[in-house]
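One structure below.
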Amino acid sequence: MASIWRYLLAGLGLAALLVGILAVVYLTAPRSARPAGPDVSRTKNTANGLFVASFAPERGVVRLGQLQSWLLTLKTKAGAPVEGAAIAISGGMPLHSHGLPTSPQATDYLGDGRYRIEGVKFTMSGWWQLHFAISATAGSDTVLFNVVL
Amino acid sequence: MRRRSRFLALMVAVVLTGCTKPDFSDAEKTTIASLALSSLPALKPDTTDRFADVPAAAALGSTLFFDQGMSGDGSISCSTCHKIDRQFQDDLPQAVGVGRTSRRTMPLAGVARDPWFFWDGRRDSLWAQALTPLENPLEQAGNRTAYAHYIKARFGERYERIFGPLPDLSGMPSNASPLGNDAEKAAWNAMSGAQRSAIDGVFANIGKAIAAFERSIEPAPTRFDRFALDLVTGAEPKGHAVFSKQEILGLKLFIGKANCVTCHNGPRFTDNSFHNTGVPPIAGLPPDRGRIDAVRQVEADPFNCFGAYRDGDASACGELRFMVKDAPELVRAYKTPSLRGAATRSPYMHAGQFSSLDEVVAHYAKAAPSVEGTSEVHPLGLSDRERAALVAFLKTLSE
């Protein structure tokens, strides 16, 4: 009777050892399996390198399902503000084959290269894209921002 | 020896109960918490309607909502289709007022939180919505001067205590409206501009009273909400709040593989937006292209947010101002309905196309293409067991 329990305990001990080894292997494995998501940087060069664009929510936080204002800041490569730009906005969800639920517009120039983009609304979590066509005295260029919620 | 065997039995028990406990990742728990009614924010004031939170307006609105006198032939009220004991809907595939409409009656729980009204969003405020069936010949089939005369005769004092003096209606036609029959249109066109705007003002106030009442209709907590609250707070679900294995699988599918939560998100299970999901048309009903045709209607509505009858300033009009007006995905796009209470209010979709939740889930699993425009849904590859689990989960939103 006693010997059966001894064997059982030994078995449990071996199982625990195995779990421990597996845990060490799992925890120390390199994290390369994670798929790389879209580039979500909020500041980037425009497609042809004409401007440096930054895109950020005006009040700092993104709220799902609410109309929000964002700021698009446009600078030249040398860091000078881009003034008097005409901005057209489009976008959507690349994985859901639909566009934006609203038509955001550049409604105000706030100085120092900052343009207020009103009417931005994200109705679901996931990968969104906002595409800006920018036309200024320096020329025309485009920039694409990814927003992942 | 006995102590050791007792210890082993205890270990086995711990391992076994650990296996049956619902196992959700942190991301899943975050999503589940976002769906719980406890995450529903307080109802915001409606600055376009200064009577929205005036109790006397809500009381008058409730009287009007149930009053069959608020119709052309005295037989139909808002409550004819929005039945108070049926989640404010009527269980019919298409609503029947004075005539038969081509759309399903929508339930009203939480309606004041919608940015757009009707299945296609052809109105942009709760008070502007309430006016539309009043003059639709298939619904309440009345006209706006008749409503103004009726309000003065039946509820004149109550109206004036809330909204101020009624205009002088003497000399105004008994029946006139820009949307009525030829005689009513002619009578409307014969009125002076001042008379027409005075009548429109009374008409808008009728909508504001009904809207004030409707703001009180809110969703109630369900079994899902109790389960979600326990899951998030780490409490042990008890009694009614315990989910079966099938319900847990359904919930996991809902927020995972089946992609339901993509559109049915937030505590009301809706993104308040419009989507073409390939729901088939019904033979014999007039052509129905959904959101794409509603855009012009809401723009042309004199009671919209840009119109003269809005209270407050135009900063409340963002949805209308930044509305998508022309995009291919608006074709046959319809509003995402809330799923709260859905299990006990068949039939489903904008014209009652499906008679059971099984049919709805089968539709999304199969993802048939749309007759016009492009459906946003893709085939899901769900097994029979998974489809049944989704239906089981949906039922927890009605219990």
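Full extension from B:Val96 to B:Asp73: what is 0.36 nm times the residue separation minus their Cα-Cα distance, to one decimal in nm? Display every interim value, and only then the final one.
On the way: separation 23, 0.36 × 23 = 8.28 nm, distance 1.41 nm.
Using 0.36 nm per residue and subtracting the Cα-Cα distance, I get 6.9 nm.
Kindly provide the Kirkwood hydrodynamic radius of region A:43-148 in Å, to one decimal, from all pairs of distinct alpha carbon atoms. Walk me through the numbers before you get to the answer.
Working: mean 1/r = 0.0720 Å⁻¹.
After inverting the pairwise mean of 1/r, the radius is 13.9 Å.
Strictly greater than 17 Å: what percent of every Cα pair in region B:158-207 meets that? Working shown, then result.
Numbers: 430 of 1225 pairs.
Cα-Cα pairs of region B:158-207 separated by over 17 Å account for 35 percent.
At what distance in nm do the modelled label points of B:Glu160 and B:Arg50 sit from each other, each positioned 7 Å from its Cα along Cα→Cβ?
2.0 nm
Per-residue Cβ counts within 10 Å, from other chains only, averaged over B:52-60: what number is that? Working shown, then result.
Details: counts 0, 0, 0, 0, 0, 0, 0, 0, 0.
Per-residue shielding by partner chains comes out at 0.
Along the charge dipole of region B:55-214, pointing to its positive end and built from +1/-1 on Cβ of Lys, Arg, Asp and Glu, which listed residue (B:Ser170, B:Ala209, B:Gly97) has its Cα farthest out?
So the residue furthest toward the plus end is B:Ala209.
Which one of B:Asn304, B:Asn181, B:Asn265 has the biggest mean-square fluctuation once chain B is modelled by GNM with Cα springs under 10 Å?
Looking only at B:Asn304, B:Asn181, B:Asn265, the biggest GNM fluctuation is shown by B:Asn181.
Averaged over every viewing direction, what's the projected area of the C-alpha convex hull for the protein assembly as shown? Give it in nm², one decimal, please. Don't jump to the answer; show the numbers that get you there.
Numbers: hull surface 135.4 nm².
Orientation-averaged projected area of the Cα hull: 33.8 nm².
Can you tell me, using C-alpha contacts under 8 Å and at least 6 residues apart, the relative contact order of region B:55-214 as a whole percent?
Values: 257 pairs, mean separation 45.4, N = 160.
28 percent.
Calculate, in nm to one decimal, what B:Asn189 and B:Lys152 gain on full extension: separation in residues at 0.36 nm each, minus their alpha carbon distance. If you can, show how the numbers build up before the last one.
Details: separation 37, 0.36 × 37 = 13.32 nm, distance 2.22 nm.
Between B:Asn189 and B:Lys152, full extension yields 11.1 nm more.
When the dipole is taken about the Cα centre of the protein assembly as shown, and only Lys, Arg (+1) and Asp, Glu (-1) are charged at their Cβ, what size is it in debye, to the nearest 20?
Details: 58 positive and 52 negative charges, 480 e Å.
Roughly 2300 debye, rounded to the nearest 20.
Most fluctuating residue of B:Ile32, B:Ile210, B:Ile282 in a GNM of chain B with Cα springs under 10 Å: which is it?
B:Ile282
All of the numbers you see were taken from the coordinates with simple rules; none came from a lab. It should be emphasised that the depicted structure is a prediction, and the values quoted were computed from it without experimental measurement. Positions of Cβ are generated from backbone atoms using ideal geometry, with glycine treated the same way; all protein chains shown enter the neighbour counts.
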